[in-house]
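Below: the structure, in structure tokens.
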Amino acid sequence: MIGKAKSISHGINDIRYITGESRNKKHPERIFHVGDTLLTPGLDATGIWDSMRLTLEKSKRVRNSVIRIEVSPAPEHTKDFTIDDWQRLWDDFTDEFDNIELLDKNGKTYSPKTDLKGSKGTVWLHLESKSGIPHLHGAFCRIDEQGNINNDHDIHLRAQRAAERVALKRGWTTAAEVRETNIGQVNRDCMETLQSMKSWSWDEYVARLRSKEYEFWELRDNKKILRGYVLKKGNARYKASELGRGRNLMATKLESTWKKLHAAPKARTVSTQPAARKPVPATPRTIPVHAQGTAPVPQYTGYRPGTSPYHIDIDGESRRFFIPDEALDVFNDEFDYRETANSRDLTDMAAALFVGMLDTPAVPSGGGGGGDSNDLPWGRREDEDEREWARRCAREAERVIGKKPRTGRKR
């Protein structure tokens, strides 16, 4: 079971998304209301937001006014769930969430307990459009009804720990079990990152792994010398010493590993025996993105709060962009690496479309694709927010490349 949480400023957009009222939500019929906290029954997204705003008036200094939460249990544990079962699961999660107090290394509280149960909020059940996998979305006011601010320091850790506690109590899959299942994918991501780097750079290695949705912690001594690193995804942590073969992904061995991957092949002795057949060269994994007469949108070339770096290979050159976290969340949901074999290729193309580095031809009339006229040129609409634009880019990338399901063992 996985729990995610983040405090956000665009509360109304998130509430519209989780309630299915967003203009371009693919399948609103796959969204079900689970319950509300301290809200008048029957409110739509605007009504929920207006009610929260009345509470937020108690404190003008709260910038990120809404706590966004996602709870994703393994589908095999919830296959027979009713709405009441989902409500009980959410109650268990919020009980644990509110009961967690985060301490620093000296045992001092830096993030006190929250009070979601005493805050206005709404919870909805979503079913993935293709896989049907269920998960919960919640949006809660940062200020409770007593006028206290719900602390958001390391709120993602609070959500992860709450999910872990609920899973343990119910005997469900824990982070440790997920970790053992996914460690092979982590190894592949690290090696693919090194393989894709044209020159050795620690900073680029870190940035590329972060663009793959990993949290990256550097371990340095008192003299600021790098001694190691830890990768984190979801609830699972991976020390560098546990990855790769022969510890070849440790910080002290990374440059050497990169050199081996990029070393020129050794010359072979030519045999006098005729070859049975010529080897067929392997098709490269990545699909290079070529600019087609467009320039990147300036707002994505520099860092802004709420964005993350993402590298795209363009005409043989790696370019860095800063893409909104909510857009990366969309790409991660649409092209889940656990289910999609070519998730990186699809994400690369979707990201290139998103920042304006790639044009695609208009879809032929009658080809489907939502409410737009399919004969119109490709481009972003003026009234389209980041999440909606990201979803359209993801669908276009899937149309052009095709989505390949991952085969073999799954969680």
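Report the residue count in region 221-237 for those that are over 20 Å from Ser256 (Cβ atoms) and either of a type outside the set (A, V, I, L, M, F, W, C) or in contact (Cβ under 8 Å) with a residue 24 or more places away in the chain (or both).
Initial filter on region 221-237 (over 20 Å from Ser256 (Cβ atoms)): 221-224, 230, 232-237.
Filter once more, keeping what is either of a type outside the set (A, V, I, L, M, F, W, C) or in contact (Cβ under 8 Å) with a residue 24 or more places away in the chain (or both): 221-224, 232-237.
Of the residues in region 221-237, 10 are over 20 Å from Ser256 (Cβ atoms) and either of a type outside the set (A, V, I, L, M, F, W, C) or in contact (Cβ under 8 Å) with a residue 24 or more places away in the chain (or both).
The set of residues in region 16-35 being open to solvent by less than 60 Å² (accessible area, probe 1.4 Å) and in contact (Cβ under 8 Å) with a residue 24 or more places away in the chain consists of Tyr17, Ile18, Thr19, Gly20, Ser22, Asn24, Ile31, Val34, Gly35. Looking at region 131-138, can you tell me whether even one residue there is at pLDDT below 95 and touching a Lys or Arg at 6+ places or on another chain (Cβ under 7 Å)? The answer is no, given that none of the residues of region 131-138 is at pLDDT below 95 and touching a Lys or Arg at 6+ places or on another chain (Cβ under 7 Å). Scanning region 108-123 for residues that are assigned to a strand (DSSP E or B), open to solvent by 40 Å² or more (accessible area, probe 1.4 Å) and either at pLDDT 95 or above or among the polar types (S, T, N, Q) (or both) yields a single hit, Thr109. Screening Gln185 against (1) open to solvent by less than 30 Å² (accessible area, probe 1.4 Å); (2) free of Cβ contacts under 8 Å to residues at least 60 places away in the same chain; (3) within 29 Å of Glu164 (Cα to Cα); (4) part of a helix (DSSP H, G or I) leaves a single unmet condition, (2). Taken together, Asp333, Asp313, Asp345 contain a single residue that is at pLDDT 85 or above, closer than 30 Å to Glu388 by Cβ and either assigned to a strand (DSSP E or B) or not hydrophobic (A, V, I, L, M, F, W, C) (or both), which is Asp345.
Contact annotation: no residue pair with Cβ atoms under 8 Å, 6 or more positions apart or on different chains, pairs a residue in region 73-92 that is exposed (fewer than 12 other Cβ atoms within 10 Å of the Cβ) with a partner that is among the hydroxyl-bearing types (Ser, Thr, Tyr) and at pLDDT 95 or above.
For Trp172, the requirement of being open to solvent by 10 Å² or more (accessible area, probe 1.4 Å), among the aromatic types (Phe, Trp, Tyr), out of contact with any strand residue (DSSP E or B) (no Cβ under 7 Å at 6 or more places or on another chain) and within 30 Å of His262 (Cβ to Cβ) is not met.
The values are calculated or read from the model by the stated rules, or taken from the named source; none is laboratory data. Just so it is clear, the structure is predicted and the values come from calculations on it, not from any experiment. Counting neighbours? That spans all protein chains shown, and the Cβs are built from the backbone with ideal geometry, glycine included. Calculation scope for accessible area: heavy atoms of the full protein, side chains included, ligands and nucleic acids excluded. Shrake-Rupley method; radii C 1.70, N 1.55, O 1.52, S 1.80 Å.
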